[in-house]
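Trainee: Pasting in a structure now, in structure tokens, and then I'll have a few things to ask.
The values are calculated or read from the model by the stated rules, or taken from the named source; none is laboratory data. None of the values given here were measured: they were computed from a predicted structure. Here the Cβ positions follow ideal geometry from the backbone for every residue, glycine too, while neighbour counts run over all protein chains shown. Keep in mind that these areas ignore ligands, DNA and RNA; they rest on the heavy atoms of the full protein, side chains included. Shrake-Rupley method; radii C 1.70, N 1.55, O 1.52, S 1.80 Å.
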Amino acid sequence: MKISRGHFVMAIACAGLLMAALAWWLFSRVGADGSIRPHHRTASSDTHRSPSGRLDPAEETMTAEQREKLLVDRMVLELQQRYAKTISQIGTQASLLTVKRQIMAMFPEDGAAKFLQILKRAFPQYADQVMATLEKLERYQRWLADNEGSLAKMASYDRKAALWEKQRDLFGEDADEIWSGEVLAAEARTAVMQDTMAELGASYDKSIEEKLDAYQDALRQTYENTPDAHILNERFMLAKAFFSLESVQEELKAMPPEYRQSKMNQVRREMGFSEEEIDKMQLVDEARDQQWETGLKYSQEREMAISRYDGDELQDRLKALREKYFGEDAGTIELEEEEGFFRFERQRIYGRN
């Protein structure tokens with residue numbers, strides 16, 4: 001399977017689409033201890049924090065349940081302060097998708113329920129309406145993911161028309177309000193990077209170094225000083241996206257193993273990874289190399305067995321092969337094959353799998 005520019009687009013879209021600056025402002029202030037870091041003086045911050053910024057002694061003695069309740073109370077208050085005047089507008093409601101995802105990340109076990117609880121407390125009259133809006137937005141993003149391949153192949157004009165048609169289908173005239181302002185700008189930034197990735201993916205006449213320079217320049221020009229600027233800090237995601245470029249993969253595949261590893265380390269270094277991180281990722285790369293070497297040997301013997309045997313004898317031989325090559329993981333490989341998934345028939349993508 002070829003790595004389409006859509007893979008990068010969806011990674012960026014999931015991270016940046018509908019990124020409201022106010023939502024980021026709120027949740028970037030929530031500390032691991034459930035406190036909210038001061039941004040300006042409010043009654044809540046004055047009540048709960050000392051001048052040094054530490055939790056008051058009363059909070060330090062709280063149980064986990066009490067801190068969670070305090071955190072929820074503060075989220076409710078902050079949401080009311082930031083959105084109360086415009087919550088009736090569908091554009092504001094749409095921006096809460098980012099808030100929902102932040103809350104789900106903060107509460108992995110019951111994030112969806114926690115978001116609904118906070119929403120009902122903050123805006124009881126609009127909670128159902130907000131949930132309906134977000135459900136449509138999530139349907140839209142699932143549609144984007146399902147159609148990323150066909151969308152990536154379209155010309156810019158045709159792609160915009162297809163997106164607009166789907167937006168209107170889900171939201172009617174409300175689409176005008178949702179896909180305007182910053183949201184529209186976010187989608188424009190995504191489109192810019194989509195075109196950049198397509199161009200770089202087909203740039204077989206440029207070296208990896210030249211493509212990396214162009215890639216990083218495009219990222220900076222597209223995202224610096226925007227609400228999506230956080231994407232520039234997503235080094236692991238950005239590195240994977242770069243390695244996924246078809247032209248980059250072709251060049252890496254043509255290199256001797258040791259030189260390839262050195263080149264991948266160089267790319268990561270240029271992208272701002274520390275030497276410690278690079279060393280750790282090299283260990284991961286080496287483990288993947290070993291897994292693929294083992295997997296290809298297994299696949300060859302598996303094909304030979306299939307060509308020579310059948311019935312119970314074939315099953316016995318396949319079981320023996322899986323145990324020979326994968327040991328304790330043989331059962332996992334068997335389940336995958338029963339479901340029609342053969343992991344070593346996938347495309348090898350250096351730097352990703």
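Trainee: Which condition number in (1) open to solvent by 90 Å² or more (accessible area, probe 1.4 Å); (2) within 35 Å of the chain's Cα centre (by Cα) is the one that Y350 fails?
Mentor: Result: Y350 passes all but (1).
Trainee: Still on this model: Against the definition (open to solvent by less than 20 Å² (accessible area, probe 1.4 Å), within 22 Å of A214 (Cα to Cα) and assigned to a loop (DSSP other than H, G, I, E, B)), how does F242 come out, yes or no?
Mentor: Answer is no for this residue.
Trainee: Whether any residue in segment 278-290 is without any contact (Cβ under 8 Å) to a residue 60 or more places away in the chain, farther than 30 Å from I231 by Cα and open to solvent by 70 Å² or more (accessible area, probe 1.4 Å) is what I want to check.
Mentor: Yes, segment 278-290 contains at least one residue that is without any contact (Cβ under 8 Å) to a residue 60 or more places away in the chain, farther than 30 Å from I231 by Cα and open to solvent by 70 Å² or more (accessible area, probe 1.4 Å).
Trainee: Answer yes if at least one residue in segment 129-147 is open to solvent by 50 Å² or more (accessible area, probe 1.4 Å) and of a type in the set (S, T, N, Q), and no otherwise.
Mentor: The answer is yes; a qualifying residue exists.
Trainee: Failed condition for H230, given (1) under 18 Å from G201 (Cα atoms); (2) open to solvent by 10 Å² or more (accessible area, probe 1.4 Å); (3) at pLDDT below 95; (4) of a type outside the set (G, A, S), with all others met?
Mentor: The single condition H230 does not satisfy is (1).
Matching residues to (1) modelled with pLDDT under 90; (2) more than 24 Å from N147 (Cα to Cα); (3) surrounded by 13 or more Cβ atoms within 10 Å (Cβ to Cβ):
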{"position": "Q167", "(1), (2), (3)": "no, no, yes"}
{"position": "G172", "(1), (2), (3)": "no, no, no"}
{"position": "L184", "(1), (2), (3)": "yes, no, no"}
{"position": "E199", "(1), (2), (3)": "no, no, yes"}
{"position": "Q216", "(1), (2), (3)": "no, yes, yes"}
{"position": "S247", "(1), (2), (3)": "no, no, yes"}
{"position": "K253", "(1), (2), (3)": "no, yes, no"}
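Trainee: How about segment 86-109: which of its residues are open to solvent by less than 50 Å² (accessible area, probe 1.4 Å), of a type in the set (S, T, N, Q) and in a helix (DSSP H, G or I)?
Mentor: Within segment 86-109, T92, Q93, S95, T98 meet the criteria.
Trainee: Within segment 148-160, which residues are surrounded by fewer than 12 Cβ atoms within 10 Å (Cβ to Cβ) and among the aliphatic types (A, V, I, L, M)?
Mentor: Once the filter is applied, which keeps residues that are surrounded by fewer than 12 Cβ atoms within 10 Å (Cβ to Cβ) and among the aliphatic types (A, V, I, L, M), segment 148-160 yields only A155.
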